[in-house]
Structures are given as structure tokens and as C-alpha cells.
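Structure, as C-alpha cells:
The values are calculated or read from the model by the stated rules, or taken from the named source; none is laboratory data. Note that the structure is a prediction, hence the values are computed from the model and not measured. Ideal geometry is used to build each Cβ from the backbone, glycine not excepted, and the neighbour counts take in all protein chains shown. The protein model used for the area step is the full one, side chains on, heavy atoms only, and it has no ligands, DNA or RNA in it. Shrake-Rupley method; radii C 1.70, N 1.55, O 1.52, S 1.80 Å.
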Amino acid sequence: DAKERGHDRIALVDGDRRDETLRRLQLVDALHHAVARGELRLEYQAVVELDSGRVVGAEALVRWQRPFEPPLGPSEFIPVAEETGLIAPVGAWVLDEALHQVVAWERARPAAAPLRVLVNVSARQLDSGDFVETVAGLLASAGARPEQLCLEVTEGVLQQQPDHTRTVLRDLRALGVGIAIDDFGTGYSSLAEFRDLPIDAVKIDRRLVAGVEHDRRDAAVVSAAVRLARDLDLEPHAEGVETVAQQHRVHELGCALAQGYLLHRPAPPEELLPLLAPDPTHRP
Ligand code: C2E
Ligand code: MG
Ligand code: MG
Ligand code: MG
């Protein structure tokens, strides 16, 4: 009877795997149409300058609203998009949408300080061969200045393809687009490895930020990363700030910019508008 149960278990595993494969195929098929059907949307998380409390930027985070289904977060479909090549149309849609949004915010709040939109890009996008032309074309058609865009690339991507990536990043910087290292501190690289890359900001991963209050070693890593970033003229930026104590600590350690649920959660674009600057039509 142990054998029978063994059989049952195998059948169960196979059934699970079949369901999983089917689910994945359906997801890929649906994702094919998601852009054309207008099912993707962006939320934006404000980037706060800690000295002044001003919102100086917003990170675009993609969501997929399928009909009659709960929305999916990027972790649930970006990896699939990367594996299937669908990241090219999805990524281009995200860039186009985010650039139009930053221009719209600026028009609605002309008195606001210059605002940057931060857009996550995958290795596959950087590798596509025409990424720089794509970005240049999208900037022009949205009427955005290159300085209004900052592309976020994870530490892992920079470690994997240094040669090709270097050229692409240099061309993007030459256009005037900003480049940030995302999720820094989760891999085993040192910022020193990136000193020749044309990068202007470093985003310290929220897993490290989470430890700054209580874990001496996390605080030491953050402190060293921030100091090195500043010495290399990179803007240190803390991700995932959830408590007042974390905010104070990262500020104290030298992070100029921060994002996190404590400050602002990701939200639809209209919710960011009031954070940017006083409404010019509103007279007290
Ligand atoms: P990321 O770029 O590191 O973005 C930060 C993630 O942390 C976001 O999750 C955000 O909602 C979440 N977050 C922000 N503040 C806090 C906080 O205080 N606490 C906690 N626990 N989480 C916080 P989200 O939106 O689920 O995005 C996950 C990842 O998906 C992003 O990580 C990014 O790597 C990727 N992603 C999102 N949008 C895009 C996109 O358009 N293209 C590509 N290629 N990747 C994207
Ligand atoms: Mg990011
Ligand atoms: Mg990050
Ligand atoms: Mg992340």
C-alpha cells in the first residue's frame, strides 16, 4: 500500500506539472495580446529627496489587468515575458507610457521641480540590438527630454554581460538618459567593479535597508556602499523604506533619495500629481 501511495503521489506530481504547463501556455498566449488589448497599466512610486521631502521622481511599475481576473504583478509575468521574447513589446509599451506620463505631469505642474521617471529594463531589452534607437525614438515621439528618463538595470545584468552592456549604456548616457543600478547589494559585486560604467545612481536593495536598524552587518554594508557611491559620484538611493527609523538611518548614512511604503506606495498616475508641486490654478 506504500507502493500505491507512491503511485498516487507520482500521478499527483504529474497532474500538477501538467496544470502548471497549461497555465504557463495560457499566460504566454494571453500576454501576446495584452499590449494590443490595453491590459497593461503603470503604477508609479514616488522618489523622495530626503533633505527637502520633495518628490523628485517616480518609478514606473507595470501591472497586468486581465479581464475577469485579479491583476498580476510584474514578478508573475516579467520572467515569462523575458523567456519568450515578449519583453520587447512589453518593455517598449512601458517606456512609451512612462515618457508620455512624465511629460503630462510636467505640463500639469509647470512650477514643479524637474521630475524624472525611472523605468526598469531587462537584460533582453538591452541586448536587443536596437535598444538605443528605440529609446531615442520613444523620447522624441513623447516629446520628453533625455534627462527626464532614468533606466534601472539590476546588478546581476551588469555582471553578466559587461562588454556588450557597456557599449549600450555608454550610448544611452551619450543621449543624456540616466542609468541606475537596481537592487544593489543582493549580488556579490562591489561598486568598484562598476566604476568604469556610465552609471549615475545606485539603488540599495530593500533587503539591506530592512536590516539597517537592527543588523550591524547590514548597516555596515549600506554605509560602505553609500560612501563608495558618493566617492564615485553616484547618487545613493534607498529602496523599500518601511519605518521612520529606517528612513532616519539611511538618511544619516548618506542616502539622498528614498522610496518605500512609508513614504509613498505605488499608485496610479493621477495620485502622484498632487505630490509634485502646488496646483498652479489654485489661488488661496
Ligand atoms: P524593483 O524595480 O526593485 O521595484 C521595487 C519593488 O518593491 C516594487 O514591486 C515595489 O512595489 C516594491 N516596494 C516598494 N516599496 C516597498 C516597501 O517599502 N516594501 C516592500 N516590501 N516592497 C516595496 P513590484 O511592483 O511588484 O515590482 C517587482 C519587480 O518587477 C521590480 O523590482 C522590477 O524588477 C520588476 N519590474 C516592475 N516593472 C517592470 C517593468 O516595466 N519592466 C521590467 N523589466 N521589470 C519590471
Ligand atoms: Mg526598480
Ligand atoms: Mg529594486
Ligand atoms: Mg527588486
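So here's what we get for this one:
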quantity: Folded to 0 to 90 degrees: helix 74-84 orientation relative to the chain principal axis, Cα; calculated: 70 degrees
quantity: Where Rh is the Kirkwood radius over Cα pairs, Rg/Rh for the chain; calculated: 1.02
quantity: Equivalent ellipsoid semi-axes - Cα gyration tensor, the stretch 199-255, angstrom; calculated: 18, 11, 9
quantity: 18 Å cut-off, amide nitrogen to a point 7 angstrom out along residue 25 Cα→Cβ, residues in the stretch 33-70; calculated: 33
quantity: Value of relative contact order over the chain, rounded to a whole percent, pairs C-alpha under 8 Å and six or more apart; calculated: 18 percent
quantity: Compactness of the stretch 29-147, expressed as Rg and Dmax over alpha-carbon positions, Å; calculated: 15.2, 47
quantity: For the stretch 149-284: relative contact order, % (alpha-carbon pairs under 8 angstrom, 6 or more apart); calculated: 18 percent
quantity: Residue 188-residue 200 pseudo-label distance in nm [points 7 Å out on the Cα-to-Cβ vector]; calculated: 3.3 nm
quantity: Cα pair distances exceeding 16 angstrom across the stretch 108-197, given as percent; calculated: 55 percent
quantity: Residue 17 accessible area, assembled protein chains, probe 1.4 Å, Å²; calculated: 150 Å²
quantity: Peptides 217-230, 194-207 ordered by average Cβ neighbours within 10 Å, highest first; calculated: 194-207, 217-230
quantity: Kirkwood-based Rg to Rh ratio, the stretch 42-81, C-alpha trace; calculated: 1.19
quantity: Separation in nanometres of the label points that stand 7 Å from Cα toward Cβ, at residue 84 and residue 145; calculated: 4.0 nm
quantity: Cα pair distances of the stretch 15-91 binned at 10 Å [whole percent]; calculated: 17, 42, 23, 13, 5, 1
quantity: Extension gain (nm, one decimal) between residue 242 and residue 216, 0.36 nm per residue minus Cα-Cα; calculated: 7.6 nm
quantity: Percent accessible area from carbon and sulfur atoms, the stretch 126-225, protein chains only, probe 1.4 Å; calculated: 49 percent
quantity: Cubic angstrom per residue, convex hull over Cα atoms of the stretch 160-268; calculated: 111 Å³
quantity: Between the stretch 55-90 and the stretch 194-230, the alpha-carbon center distance in angstrom; calculated: 27 Å
quantity: The chain - accessible surface per residue (Å², probe 1.4 Å); calculated: 53 Å²
quantity: Using alpha-carbon coordinates, inclination of helix 2-34 to the longest axis of the chain, degrees; calculated: 40 degrees
